[in-house]
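Following: one structure in structure tokens, then a few remarks.
The values are calculated or read from the model by the stated rules, or taken from the named source; none is laboratory data. In this text the structure is predicted, and so the values were computed from the model without any measurement. Virtual Cβ from ideal backbone geometry, glycine too; neighbours counted across all protein chains shown.
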Amino acid sequence: MPSMDYFKILNLKQEPFSNSPGPEFFFESTVHLACLQQLEIAIRLHRGMNVVMGDVGTGKTTLCRQLILRFTESEDDRREIVTRLLLDPSFSTPREFLAAVAASFGLVGVESAGSEWVLKEGIRNYLFQKGVDEKKTIVLIIDEGQKLPEFCREILREFLNYDTNENKLLQIVIFAQNEFREILKEHENFADRVNQCYLLGPLNFRETQALIRFRLARAGHSADGPRLFTLPALWAIYRATGGYPRRIITLCHHILLTVIIRNRARAGWFLVRSAAKRLTPNPGRPKRWTVTTTALAAALFLAFIALWYAPTPQDIARHPWPTVQTAQLTTPAEKSEPLVPPAPMATTVKPAPPLQTTATAEPSLKPDPGRTAIPPAPSTKAAPAPSRPETVLPGNADTKKQIPSRLGQLKLREGVSLPLLLREIYGNNGTANLQAVALANPHISDMNRVRAGETISLPAIPASPGSLAPEKIWVQMAKKAALEDAYRLFTDYPSDMPPIRLIASWNPREGLVFTIVLKNGFSSAKAARDAIQHLPTGAKIMEKTEKGTVFFAN
């Protein structure tokens, strides 16, 4: 069956997920469009050499073709700008590289050139003739730039010496994989010639959805017609591919084939997962699972040994490092106080019975809360100082049982202000929260002018009870132990799904956790279960809050 008829089953005019870089299927994501615009500006301004780097499958080759097309759209550009493309620069000798460049420029007598000097002079004369006499812009585009040998990079550096008082005569654009970054670090004389270096990353979830729908529309799928991918299916595609365009296109191609073979109307979450597993078989998984299990068992055994042979208070007194570690667990406002939960935290657990103490007792002489308080007997001898159970020292207890002083660190994303970040993490960006964040980030002089990419330390600000109304049923979308992982899921969450909120909490069993829940709870378990049916796999009714749970400003 011809491919055209094959996809007519899905009411498509052509294959939407072809792996050839067709220009009509170029998706202008935020990253790719910004890179393309900057390259075009740099070339028109004759800035010399520019580099674009990215992992395999981030769209470098497609961007390369699109850049060439940009300079053929108008008659003026076709007359004034000349683009030449080298696909595989893995040359074995300098003469071979020079001959390839000369041949791409259309120079005659390349094969009979007697030496490298003759080839260089021919290229030099060509650049001056086109650039100075004819006022043309010559662009040499190199794909797979990580394959460039060192002698090729040296020749390119020499080409950049061909210039006038106004500009460079040769514009060079190198598309390379990320290992090219190490080459730039090791060869400063070459890196100094780079005008700008642009890094391509994977798409986020919103752009992944947009890419898939854009290609379907280009292939003839009507926006008013039935959707070929459910929303959970789109999420599963994003999670399986990591947002890399090439992986997205390959997986979607196999998904549509499966839809046709199984006579389905659309692809759902389970179908996507099935296609992804067939596409990327992983025979080494059982072995890695065994290694991981062994490592986990060894870690638990070492932790048991560490607890069994925990140092005594006398041993700790001989080593100053635990005191330094304890100081790191306190905020600037709490340095003179023992590390105990603040007042709002105490409301989440049942208060212990009051202890009998004397009015003149020093803070260091408080009795152990786990024992019966006995009035001290009169004695002329100095009584030994009891232990201080309020302070948690490393090696004396599981670190999960330590209430943290901070939630973690995040880099401020482009287009996100600090108040918005605080609202996403703490639930509000009030003055108290802003002041606490300012104290935790002394390196930031002006909290009103925090630049994108700045690392923000987020303190653990305790909240009063009731962050999650106990009378409601809550649906948990995900739970993570690290703030970075939870925030990544939070920001990539699709905008057309029910709103969510991020809850930071601590409990004695799990330690610090970050839970993503649907923003609005449900009045009954049935309503929550009905909602879960339309959500991605993994969504579930949230378990009852554990005793001793502490919430942090949300």
**Request:** Kindly indicate the residue of the range 256-271 that is part of a loop (DSSP other than H, G, I, E, B) and in contact with a strand residue (DSSP E or B) (Cβ under 9 Å, 6 or more places away or on another chain) and also surrounded by the most Cβ atoms within 10 Å (Cβ to Cβ) among those meeting that condition.
**Result:** 268
**Request:** Only residues in the range 166-182 that are in a helix (DSSP H, G or I) count as the first member; pair them with residues that are surrounded by 16 or more Cβ atoms within 10 Å (Cβ to Cβ) and not hydrophobic (A, V, I, L, M, F, W, C), Cβ under 9 angstrom, at least 6 apart or cross-chain, and list the lot.
**Result:** 180/145; 180/146
**Subset of the range 87-113 [of a type in the set (S, T, N, Q) and within 43 Å of the chain's Cα centre (by Cα)]** = 90, 92, 93, 104
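Table: residues versus (1) touching a Leu at 6+ places or on another chain (Cβ under 9 Å); (2) part of a loop (DSSP other than H, G, I, E, B).
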{"position": "42", "(1), (2)": "no, no"}
{"position": "46", "(1), (2)": "yes, yes"}
{"position": "51", "(1), (2)": "yes, no"}
{"position": "63", "(1), (2)": "yes, no"}
{"position": "72", "(1), (2)": "no, yes"}
{"position": "76", "(1), (2)": "no, no"}
{"position": "83", "(1), (2)": "yes, no"}
{"position": "88", "(1), (2)": "no, yes"}
{"position": "92", "(1), (2)": "no, yes"}
**Prompt:** List, please: which pairs have Cβ atoms under 6 Å, are six or more places apart or on different chains, and start with a residue in the range 131-158 that is closer than 16 Å to residue 100 by Cα and end with one that is among the hydroxyl-bearing types (Ser, Thr, Tyr)?
**Reply:** 139/83; 147/90
**Asked** Only one residue in 214, 190 is outside the structural domain of residue 414 (by TED's automatic domain parsing), within 30 Å of residue 159 (Cβ to Cβ), modelled with pLDDT of 90 or more and part of a helix (DSSP H, G or I). Which one?
**Response** 190
**Asked** Just one of 87, 39 is surrounded by fewer than 19 Cβ atoms within 10 Å (Cβ to Cβ), in the same structural domain as residue 133 (by TED's automatic domain parsing) and touching a residue at least 40 places away in the same chain (Cβ under 8 Å); which is it?
**Response** 87
**Asked** Restricting the first residue to the range 91-115 and requiring it to be within 19 Å of residue 153 (Cα to Cα) and outside the structural domain of residue 143 (by TED's automatic domain parsing), which pairs with a second residue that is assigned to a helix (DSSP H, G or I) and of a type outside the set (S, T, N, Q) meet a Cβ separation below 8 Å and a spacing of at least six or different chains?
**Response** none
**Message:** Can you say whether residue 417 is within 28 Å of residue 204 (Cβ to Cβ), modelled with pLDDT of 50 or more and either assigned by TED's automatic domain parsing to the domain that holds residue 547 or surrounded by fewer than 14 Cβ atoms within 10 Å (Cβ to Cβ) (or both), as far as the supplied structure shows?
**Reply:** yes
**Request:** Filter the range 425-481 for residues that are among the basic types (Lys, Arg) and at pLDDT below 75 and give the result.
**Result:** 449
